[in-house]
Amino acid sequence: MPSSSRLMPLAITLALLGGVLAVASKNMIVDLDLFHEMALYRQMESEGTMPRTDAFAYTPTNETVVHHEWGTGAVIYLATVSTGFGASALVALKYLLSFAVCLGCFFYAKKQGATLAVFSILAPFALNLGGWMAFNNIRAQLFTLLFLVILFFLLDLDRRGNRWWALIWFPLFIVWSNMHGGVVSGMGILGVYCLARTIEAILETRSPQKTLQRVWHLILIGIVTLILLIVNPYGWDYVPYLIRAVSMDRPLILEWRPIWEIRLPLIYGISVLIAAYAIWREGRTSIFESMAILLTAYLAAKHYRHGSLYAVTWACMVPPMIERSGLGQEIKNMFDNYRAQITVAAFSLAMIALGYSINVRFWELKIPNQITSTQKHEIIYPVGAVEYLSHQKLEDQLNLFVPFSAGAFVQWKLYPQVKVSIDSRYEVAYPDGAIVENDDFYKAKDGWKATLNRYDTHAVLIPVNSPLGKLLAQNESQTAKEIGWKSVYQDRGFSIYVPKSDVANFPQLDRTDEMIRGVFP
């Protein structure tokens, strides 16, 4: 029978892989941004060129629409729609990218000296900090995390004296900048690396001339990188868009709030303490690692969505630093002294993670469309309402006022028959204030009735659990009389209202007693 010394690495590896699977499978809901990304690529494929103005909304939009995630939409569309593999391809791509990111972190940390023992103790912090946000179905941000790990490997080549890595970096950067605005994080890490190498050279040589000799190639690479930022379908227009997108506030978007307001403030705090200990022990020997950790920790503290950037950086940088510390030696001693117990515990954790993943059906995409008592902040898609509208023989285009989170789904399913008031492209397509106006409308705040008259709106999609939905449900006759609108469709997630003068054109349909199933794509 194999000894615990030979089984322990296998057990730990299975536990880590099981943990990744469990975290990735927790959220199998299709991400709302995916729909507008695919809709854009479908339009581009139809027109033969990249649209620079909006075609999906009937409300005011930006003069030039720069969609920084168009490349992600192309990948998803080609993988799911063009191949005909649909949901299966999306699930496969999700796990391929998720495991690639996590394995990349492990192999980078191992290359820097981390052992499996130390990495396995620290990895759960990174998974909890970034996994819940990153491993969705699928976010453009997941590509950013993969490219970030690859960048770490490339910079390690530079540190070892290899200069050819730039030949990989330049095309990688072009692809990255066309898939996600998170390319800014790559530029930031490259800048931090250049600064760290400069500081190291100054401390070692005490000579500006010798310092310049060591880092001139990095300065050149940085300049070329900035120039390559315009290699995209939008050219120079991409740059001011990116500056605006990075600097603007998004107070109504949950993931753009500080990490301690949303999730896991204790885990984040502990991770910062561990990183601080590692940085203190390393001193001046790990300047780049220290700066990269501090930068991404700050970004995560400021915005929860950047917790995944911090998690990847933390998983790559902290384990090797801890490995070289006294704490690392204590961890290795513990694994040597309790091999049998750790082996059993690791196998048990692997089985628990696998059981959880099977229980949540890790292979099955979800498109929730009805209100349930267990939901918190999950997205609800208007599957039934979209089906209803798709069956109407509309002679003219229908302008549908929609919630922020439903617009992309509607435009993917119903364009060009239906245009929407807003969608989750946010600053990509819409002027400042559009999301606030939309939020105020569905919260039935003062002035919400005037919003109906502000645009050429033909119908309104209303979530039944929104303040406006509850107001109409409680006092429909009175409120409907005041605004002159009437309900024509209802299910357990959404209702559709149209002006009373148009009611005859829309058959009444109540599906509140039906189970409605969403299908991707």
Residues of segment 20-57 classified as within 22 Å of Ser405 (Cα to Cα), part of a loop (DSSP other than H, G, I, E, B) and of a type outside the set (Val, Ile, Thr), total: 6
Only one of (1) surrounded by 15 or more Cβ atoms within 10 Å (Cβ to Cβ); (2) more than 27 Å from the chain's Cα centre (by Cα); (3) part of a helix (DSSP H, G or I) does not apply to Asn399, and that is (3)
Mind checking whether some residue in segment 329-336 is farther than 14 Å from Ile121 by Cβ and out of contact with any strand residue (DSSP E or B) (no Cβ under 8 Å at 6 or more places or on another chain)? no
Within segment 391-430, how many residues are in contact with a helix residue (DSSP H, G or I) (Cβ under 6 Å, 6 or more places away or on another chain) and among the polar types (S, T, N, Q)? 3
Would you mind stating whether Pro60 is part of a loop (DSSP other than H, G, I, E, B) and not polar (S, T, N, Q)? yes
Go through segment 58-74 and give me each residue that's more than 10 Å from His180 (Cα to Cα) and of a type in the set (A, V, I, L, M, F, W, C). Val65, Val66, Ala74
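Matching residues to (1) closer than 21 Å to Thr296 by Cα; (2) within 15 Å of the chain's Cα centre (by Cα); (3) free of Cβ contacts under 8 Å to residues at least 12 places away in the same chain:
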residue: Ala92; (1), (2), (3): no, no, yes
residue: Cys102; (1), (2), (3): yes, no, no
residue: Ala114; (1), (2), (3): yes, no, no
residue: Ser120; (1), (2), (3): no, no, no
residue: Pro124; (1), (2), (3): yes, no, no
residue: Gly131; (1), (2), (3): yes, yes, no
Pairs where the first residue, in segment 288-308, is within 24 Å of Gln112 (Cα to Cα) and the second is part of a helix (DSSP H, G or I) and acidic (Asp, Glu), C-beta under 8 Å, 6+ apart: Glu289/Glu282; Ser290/Glu282
Can you list the helices (runs of 4 or more DSSP H) lying wholly within segment 295-368 that have 1 or more residues being closer than 20 Å to Leu17 by Cα and among the β-branched types (Val, Ile, Thr)? 307-323, 339-359
Restricting to segment 483-521, give me the number of residues that are surrounded by 16 or more Cβ atoms within 10 Å (Cβ to Cβ), part of a loop (DSSP other than H, G, I, E, B) and among the small types (Gly, Ala, Ser). 2
Restricting attention to segment 415-436, which residues are more than 20 Å from the chain's Cα centre (by Cα), buried (at least 19 other Cβ atoms within 10 Å of the Cβ) and not in a loop (DSSP other than H, G, I, E, B)? Val418, Lys419, Val420, Ala434
The residue from Asp440, Asp456, Asp446 that alone is touching a residue at least 60 places away in the same chain (Cβ under 8 Å) and either in a helix (DSSP H, G or I) or over 25 Å from Pro368 (Cα atoms) (or both) is Asp456
In segment 214-250, what residues are within 19 Å of Leu157 (Cβ to Cβ) and either free of Cβ contacts under 8 Å to residues at least 40 places away in the same chain or under 23 Å from the mean Cα position of the chain (by Cα) (or both)? Arg214, Val215, Trp216, Ile219, Leu220, Gly222
Among residues of segment 361-377, those that are within 30 Å of Ser495 (Cβ to Cβ) and surrounded by 12 or more Cβ atoms within 10 Å (Cβ to Cβ), counted: 8
Condition broken by Pro233, with the remaining ones in (1) closer than 17 Å to Tyr430 by Cβ; (2) in a loop (DSSP other than H, G, I, E, B); (3) not hydrophobic (A, V, I, L, M, F, W, C) satisfied: (1)
For segment 378-396, name all the residues that are more than 17 Å from Asn438 (Cβ to Cβ) and in a loop (DSSP other than H, G, I, E, B). Glu378, His391, Gln392, Lys393, Leu394, Glu395, Asp396
Boolean, Asp440 is modelled with pLDDT of 90 or more, under 27 Å from the mean Cα position of the chain (by Cα) and assigned by TED's automatic domain parsing to the domain that holds Leu468: yes
Residue hits (segment 422-446; touching a Gly at 6+ places or on another chain (Cβ under 8 Å) and among the hydrophobic types (A, V, I, L, M, F, W, C)) are Ile422
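Yes or no, residue by residue, for (1) crowded, with 21+ Cβ neighbours inside 10 Å; (2) within 30 Å of Tyr193 (Cβ to Cβ); (3) touching a strand residue (DSSP E or B) at 6+ places or on another chain (Cβ under 9 Å):
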{"position": "Ile270", "(1), (2), (3)": "no, yes, no"}
{"position": "Gly283", "(1), (2), (3)": "no, yes, no"}
{"position": "Ala292", "(1), (2), (3)": "yes, yes, no"}
{"position": "Leu309", "(1), (2), (3)": "yes, yes, no"}
{"position": "Glu323", "(1), (2), (3)": "yes, yes, no"}
{"position": "Thr343", "(1), (2), (3)": "yes, no, no"}
{"position": "Gly355", "(1), (2), (3)": "no, no, no"}
Pairs returned, first residue in segment 509-521 that is farther than 15 Å from Ser390 by Cα, second residue that is among the basic types (Lys, Arg), beta-carbon separation under 7 angstrom, 6 or more apart or interchain, are Thr512/Arg492
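The values are calculated or read from the model by the stated rules, or taken from the named source; none is laboratory data. Predicted model only: the values in this text are computed from it and were never measured. All Cβ positions, even for glycine, are placed from backbone atoms using ideal geometry, and neighbour counts span all protein chains on display.
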